[in-house]
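The block underneath contains the structure these notes are about, expressed in structure tokens.
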Amino acid sequence: MNLQEIIHRLETIYQQTDYNGSYALVTADKILAKKNYGFAKFKEKQLFTEATQSCIGSVTKQFTGTACMILHEQGKLNLEMPVVAFFPDLLIPKAITVKHLLTMSSGLPDYPTELFLNSLKKIKEQRPELNEKLQEFYAEFATAEQISFNKLKTIITTKPMDFQVGTRVSYSNTNYYLLGLIIEKVSGLSFEKFVTQKILSPLSMVKTSFATQNSIARSYRNIDNELHEFPNTYQLLSADGCMVSTINDLSKWLQAVLKGEILSPESWDQVFNLYLKEYNCGWMKLGDWFYHGGQYLGFYCEIFLHRKAGLGKVMLYNREATSELDQYSMDERSNWRNLIRDWSFSQN
């Protein structure tokens, strides 16, 4: 298949699965494809475009991880430094290092999970007439608001460790919340200012920002054939998931990673040397692609990178498909990634 046929296959998958958002496919120096589908705001019929600002959720962690590596290159942040050196009153094992946070191997519990479960329990007690999907919809609001460091400390100190430090990898937003604070302590700047100065400005990512309420798009979930809009009254500001961006800006980010910009070649190799072959600096593996997804109140972002094939792909969308369509889409897009990877290898 030629490139246009492969791109047509992807766009057919999106049409068949009622995709609502934007995507881009890039090499280090070219945009191979870019397309927009549906609405940023359904009631207003405002189109979703390549410049639509939308929450990227946990893809924020790639910028947090890169910021830590910048400080490491500058000699300001030792990745083997115990986390308690930055937070003396935080009752966690002294063995947990910055590296354990970056690689999701600290064993610290995931604070949004605790917030969600507590909220879901209350909603089930207060609104027993709602079906399970609606109860979960409302419970998710509890994970969307910024929590204080004191509240985070309470969660950490009242919940047991998930596992012994460094023995395995398990996803926990708590790790990257703490990394954001460490970046501020080490750099003397806010997380927003440091990432803007060192990453966003050099890459001309001018539409990327650091508060979820900056999203122009609204987010939606289909429940029992009815479209429910998430409220835009919540504000997340922490380094585990606060950022808002566009397909244009995220394309620039992927191209910068493919070119090896921002960090040294040695640091990029370190980033993609996943701990226990599972996670590092906001990247994991899905097949032979490096990957990360983000989710925040119905907003979704997915980033894929194949270093050897020299390809990157990013998706931003603001409405969930049904579970059946979503599974079909994931399966078909996985097959499609094999096609585009093989095409790229055939060009060299």
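Laboratory data are not the source of any read-out in this text; all were calculated from the coordinates shown. All values reported here derive from a predicted model rather than from experimental measurement. For neighbour counting, all protein chains shown are included, and Cβ atoms are generated from backbone atoms with ideal geometry for every residue, glycine included.
Packing around the peptides 149-156, 48-55, taken as the average count of other Cβ atoms within 10 Å per residue, puts them in this order, highest first: 48-55, 149-156.
Dividing the summed -39500 (n - 2.57) terms of all DSSP H runs of n ≥ 4 by the residue count of the chain sets its mean residue ellipticity at 222 nm at -11500 deg cm²/dmol.
Quick check: Cα centre of the stretch 232-268 to Cα centre of the stretch 53-103, how many Å? The stretch 232-268 and the stretch 53-103 have Cα centres spaced 16 Å from each other.
Under the membrane-span-like helix rule (DSSP H runs whose alpha carbons stretch at least 15 Å along the helix axis, mean Kyte-Doolittle hydropathy 0.0 or higher), the chain yields 60-73, 173-187, 247-259.
Counting every C-alpha pair in the chain, the share spaced more than 31 angstrom apart comes to 33%. Electrostatic bookkeeping for L120 treats Lys and Arg as +1 and Asp and Glu as -1; over the other residues with beta carbon under 13 Å from its beta carbon, the sum is 0. The protection proxy used here, the mean number of other Cβ atoms lying within 10 Å of each residue, ranks peptides 158-164, 81-87 as follows, highest first: 81-87, 158-164.
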